[in-house]
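The values are calculated or read from the model by the stated rules, or taken from the named source; none is laboratory data. The structure displayed is predicted, hence computed values, not measured ones. Cβ atoms come from the backbone with ideal geometry, glycine included; neighbour counts cover every protein chain shown.
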Amino acid sequence: MRPPSQKEIPLSADQQHEIWQEYVDTATQLARMAIDIINEHHLVGAEISTKANDADYVTVVDHAVEQRVRDVIAERFGDHRVVGEEFGATADDADYTWYVDPIDGTTNFVYGVPWSSFSLALADRDGAIVGVVADPHRNEIIAAARGRGTTVTGPGGTWPARCAGTKALAGAVLLTEWASFRAWPGMIEMLHTLSAAGVTSRVMGSSALSVASAAIGRGSAAVLGGYNTWDVLAAVLIARESGATVLGRDGHPLPAIPEAGDGGLLVSAPSIAEPLWRAWTGAPPLDKP
């Protein structure tokens, strides 16, 4: 079933629910497929190469997962666009666009560090509709749909998820990421400031999984100095639907479809979002002029 054009009769609530459920089901099925492919493949040297620099890895598994996603979406939703990390965009524009990162954290994957993920989101003109972040190492799928909340599906079943209830910086855990293999501007200063406030920081190696993990309470917050849309769109929807505060560097809510160059993002337990944002951006604390 496809959404009608503007000239067609509007869909009923039941019809709209059916279409959205098809999107949710497709995203979940593709996440499960990605977990299976990633976990079944054992890399050899010839299957690993680099792109922008010697630390920017890509593997045959990245390519295989993204190609499978493209094939399924083309078959089920022929008028939808796909934008992926490995193969770019299938069209310049469309009412519905899927954003896919087949393996976010490829360096970890190459070296056997168990922190990488699959990220897939579907957006319309108003932002993300559906988002999934799959953790092949936990065999979990973290998922959200606009207005429907966030869930985690793993070996123990499916359960609703909410962000952490952290009330103060002291004792909080921050997840963050390098800019490729180096610190982004202001990162070291932020870490020093937060350390002095009693925050424990972790550099994890997968932006999608770091943001999604913070969104479901596995950490108090996540800060990224930069990103690509395919890295974070699913995780940002997961965060919004889990009750987390989601801000850009300017202190305002992140755009509906965040894009590279927007300046980074903060996902946080609501009570500590403001002091974290101030530590991130270098803004003076509230108790100082």
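List of remarks:
- Test: residue in region 10-21 that is closer than 24 Å to A144 by Cβ and among the β-branched types (V, I, T): yes
- Scanning region 27-48 for residues that are closer than 19 Å to V152 by Cβ and not small (G, A, S) gives T28, Q29, L30, R32, M33, I35, D36, I38, N39.
- The set of residues in region 189-221 being under 12 Å from S116 (Cβ atoms) and of a type in the set (S, T, Y) consists of S206, S207, S210.
- Identity of the residue in region 40-73, touching a Pro at 6+ places or on another chain (Cβ under 9 Å) and either in the same structural domain as L209 (by TED's automatic domain parsing) or farther than 15 Å from T106 by Cβ (or both), that ends up surrounded by the most Cβ atoms within 10 Å (Cβ to Cβ): V69
- Restricting T90, T97 to residues that are in contact with a Lys or Arg (Cβ under 7 Å, 6 or more places away or on another chain) and surrounded by fewer than 18 Cβ atoms within 10 Å (Cβ to Cβ) narrows the list to T90.
- Members of region 74-86 found to be in contact (Cβ under 8 Å) with a residue 24 or more places away in the chain, surrounded by fewer than 18 Cβ atoms within 10 Å (Cβ to Cβ) and over 20 Å from R32 (Cα atoms), listed by number: D79
- Residue in region 96-105 that is on the phi > 0 side of the Ramachandran plot and assigned by TED's automatic domain parsing to the domain that holds V132 present: yes
- Taking each residue of region 163-180 that is without any contact (Cβ under 8 Å) to a residue 40 or more places away in the chain and looking for partners that are in a loop (DSSP other than H, G, I, E, B) and exposed (fewer than 14 other Cβ atoms within 10 Å of the Cβ) with beta-carbon atoms closer than 7 Å, six or more apart or interchain, yields A170/G198; G171/G198.
- Note on region 249-270: among residues that are of a type in the set (G, A, S) and touching a Leu at 6+ places or on another chain (Cβ under 6 Å), the one that is nearest to D124 (Cα to Cα) is G264.
- Count of residues meeting criterion [without any contact (Cβ under 8 Å) to a residue 40 or more places away in the chain and touching an Asp or Glu at 6+ places or on another chain (Cβ under 8 Å)] in region 113-146: 2
- Strands (runs of 3 or more DSSP E) enclosed by region 32-123 - at least 1 residues per element that are within 27 Å of I257 (Cβ to Cβ): 57-59, 81-84, 97-104
- Within region 10-28, being within 24 Å of the chain's Cα centre (by Cα) and touching a residue at least 12 places away in the same chain (Cβ under 8 Å) holds for I19, W20, E22, Y23, V24, T26, A27, T28.
- From the list T151, T158, the lone residue that is more than 20 Å from I73 (Cα to Cα), buried (at least 17 other Cβ atoms within 10 Å of the Cβ) and not basic (K, R) is T151.
- I188 being β-branched (V, I, T) and over 19 Å from W277 (Cβ atoms): no
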